[in-house]
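A.B. asks: What follows is a single structure, and I will ask about it in a moment.
Rule-based calculations on the coordinates, nothing more; no lab input. Nothing here was measured: the structure is a model prediction, and the numbers come from that model. Cβ coordinates were reconstructed from backbone atoms using ideal geometry, including for glycine residues, and neighbour counts include every protein chain displayed.
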Amino acid sequence: MARQPGVRADLDLVCRFVNTRGILADNPHAREEIDTPDTLTAWWEKQGFTDIGTADEDVTEAHVMREGLRALLAKHNDAAGPEDEGALAAMRTLAVELRLQADPDDDVAFLRPAETGTARTGLAWLLVAVTLGRADGSWPRAKVCADLNCREAFRDTTRNRSRTWCSMQVCGARAKQRTFATRHRAHPE
Ligand SMILES: [Zn+2]
């Protein structure tokens, strides 16, 4: 199926964008993929969006959007972090400036950014994905890992939408260990 970013909700795009920063503490996967205008443009090119221009301040706006989206996804998982309220407020201030337009006769990008060729075009594409996801009901399936030292974004494909961790082997296992240690302290044998 051809990509239709303005017709279908591209939740994977949202998750990949959030995961350009990995915050897992004490972990080799800690990373920042968007730290200069060039890396921001390169990231969008990799996603197939080739007309996203960037300047220095655009990196800051990308980070505001990213951490706001992370906070939004955490709501789907009761996984709110201490910075989430501020991150959400900053993202909403930015998002109201992003304008979208709709062409009822466009089968490829019905809903799309009104502005083209700027860094905000990219941020508006993310807003398109959120909007379409909210409209088609898929949005609550985009989540972040409930481990506050991790917070990787993922798409929950389980039937009953019950997934909590990015990975059962890593964060799920760590949570189990913690629960076990707490119980063990509470009921020493
Ligand atoms: Zn995780």
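A.B. asks: To the nearest 10 degrees, how steeply does helix 37-46 sit against the main Cα axis of the chain, on a 0 to 90 scale?
C.D. replies: 90
A.B. asks: On to the next question. Work out, in µm²/s and without decimals, the Stokes-Einstein translational diffusion coefficient of the range 122-171 at 4 °C, 1.567 mPa s, Rh from Kirkwood over C-alpha pairs. All intermediate terms of the calculation are to be shown ahead of the outcome.
C.D. replies: Details: Rh = 11.9 Å.
In µm²/s, the coefficient is 109.
A.B. asks: Moving on. What are the semi-axes of the equivalent ellipsoid of the range 89-158, taken as the square roots of 5 times the eigenvalues of the Cα gyration tensor, listed largest first and rounded to whole Å?
C.D. replies: 25, 17, 10
A.B. asks: Identify all aspartates and glutamates with a Cα-Cα distance to LYS176 below 13 Å; exclude those on the same chain that are fewer than 8 residues away in sequence.
C.D. replies: ASP147
A.B. asks: Summing -39500 (n - 2.57) over the DSSP H runs of n ≥ 4 in the chain and dividing by its residue number, what mean residue ellipticity at 222 nm do you reach, to the nearest 500 deg cm²/dmol? Mind showing how you got there, number by number?
C.D. replies: Numbers: 6 runs with 81 residues, N = 189.
So the helix-based figure for the chain works out to -13500 deg cm²/dmol.
A.B. asks: Additional query: How big is D, in µm² s⁻¹, for the range 11-186 by Stokes-Einstein at 25 °C and 0.890 mPa s if Rh is the Kirkwood radius over C-alpha pairs? It would help to have the intermediate numbers written out before the result.
C.D. replies: Numbers: Rh = 17.2 Å.
Here the translational diffusion coefficient equals 142 µm²/s.
A.B. asks: Taking the Cα centre as origin and putting +1 on Lys and Arg beta-carbons and -1 on Asp and Glu beta-carbons, what dipole magnitude results for the chain, to the nearest 20 debye? Let's see the in-between values first.
C.D. replies: Details: 26 positive and 29 negative charges, 262 e Å.
That gives the chain a dipole magnitude of about 1260 debye.
A.B. asks: Just add up the charged neighbours of GLU85: K/R +1, D/E -1, any other residue whose Cβ is under 12 Å from the Cβ of GLU85. Walk me through the numbers before you get to the answer.
C.D. replies: Values: positive: LYS75, ARG92; negative: GLU67, GLU83, ASP84.
Taking every Cβ under 12 Å from that of GLU85, the sum is -1.
A.B. asks: Can you list, by residue number, the Cys in the chain that have no neighbouring cysteine C-beta under 4.7 Å?
C.D. replies: Cysteines of the chain left without a disulfide-compatible partner: CYS15, CYS171.
A.B. asks: Given the options ALA80, GLN101, TRP44, identify the residue whose Cα lies farthest towards the positive end of the charge dipole of the chain (+1 on Cβ of Lys, Arg; -1 on Cβ of Asp, Glu).
C.D. replies: The Cα lying farthest towards the positive end belongs to ALA80.
A.B. asks: When a/c is below 1.5 the answer is rounded, else prolate if a/b is larger than b/c, else oblate, so apply that to the range 1-86 with a ≥ b ≥ c taken from the square roots of the Cα gyration tensor eigenvalues.
C.D. replies: On the way: a/c = 1.71, a/b = 1.23, b/c = 1.40.
Taking the square roots of the gyration eigenvalues as a ≥ b ≥ c, the range 1-86 is oblate.
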